[in-house]
Every structure is written in C-alpha cells, then in structure tokens.
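Written out below as structure tokens is the structure these notes cover.
Only the coordinates and a few stated rules stand behind these numbers; no lab work does. Because the structure is predicted, anything quoted here is derived from the model rather than measured. With ideal geometry, Cβ positions are generated from the backbone for all residues, glycine too; neighbour counts draw on all protein chains shown.
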Amino acid sequence: MQRNSSGGLVYSTEVGRTCPTCRQAIAACTCKTQSAIIGDGQVRVSRQTKGRGGKTVTLVKGLALDPLALAQLGKQLRGACGSGGTVKDGVIEIQGDHCDLVMATLSKLGHSPQRSGN
C-alpha cells in the first residue's frame, strides 16, 4: 500500500480547522492557501431543511470575501438574528428561518443579496 502524502490533520479539538499544508489553525495559517476568495460575488440567501432532521437553516452563498472576513460577517449576521450558526466552505449557515432579516442586514452592510429557492 502506498501512503498518500497529502493526508494529515484537518481538525483539532484544540484549535478547530487546520491548514493541510502548514498544519496551523486556519486563522494563523502561514502559507495562506486558504485565503483565496471562494464566492462569485452574487450573494444568494436561501432556506433549507433537507438533511437537517426537519430543522430550518438560512444559507448565505456567493460572498466574495476571504475566509477571515467571511467569518466576521457570519458573526455579525448571527448576532443580528440572535441565533447560532457556522461558516462552512464559503457558505454562512444560520439556524432558523431568518431570510428577510439576513437580507436586510446584508443590504445595510453594502451587499446586494438576492433571494433564491423557496
């Protein structure tokens, strides 16, 4: 069997997600491989319940921000909605149906969100 050289630690309970290249926490990444902008600039807000045990989640996709700015915006949106959530793979997930409030908050912050889905 051959060993895959690209494998390694991707998550630590001590620091959270880690960079696969430099093995540092994403916030303290020295190689900056994760600093690429993920979104396409078209901000889409949607509501989803599939695969979540019937729980509703508001999704914000397409933000053209680097991961640190995306995490900061996610924190602002969670605070405005008064609920929990996370940022995964360039998508902000907020617990509950907060599409209208998220769209209003994003508009105030200078983005032009569009409603997608239901």
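Exposure proxy ranking for CYS81, CYS99, based on other Cβ atoms within 10 angstrom of each Cβ and starting from the fewest, stands as CYS81, CYS99.
Give the order of LYS61, LYS55 when sorted by the count of other beta carbons within 10 angstrom, beginning with the fewest.
The most exposed by this proxy come first: LYS55, LYS61.
Can you give the FRET efficiency to the nearest 0.05 for GLN72 and VAL15, using r as the Cβ-Cβ distance and R₀ = 25 Å? So, using R0 = 25 Å, E works out to roughly 0.85. Maximal additional length on extending the SER46-ILE26 stretch stands at 4.5 nm, based on 0.36 nm per residue less the C-alpha distance. The label point for SER116 and the one for ASP89, both projected 7 Å from the Cα toward the Cβ, are 1.4 nm apart. Normalised by the number of residues in the range 36-115, the average gap of Cα pairs under 8 Å and 6 or more apart makes the relative contact order 34 percent. Taking packing as the residue-averaged number of other Cβ atoms within 10 angstrom, the listed peptides 65-72, 90-97 run from highest to lowest as 90-97, 65-72.
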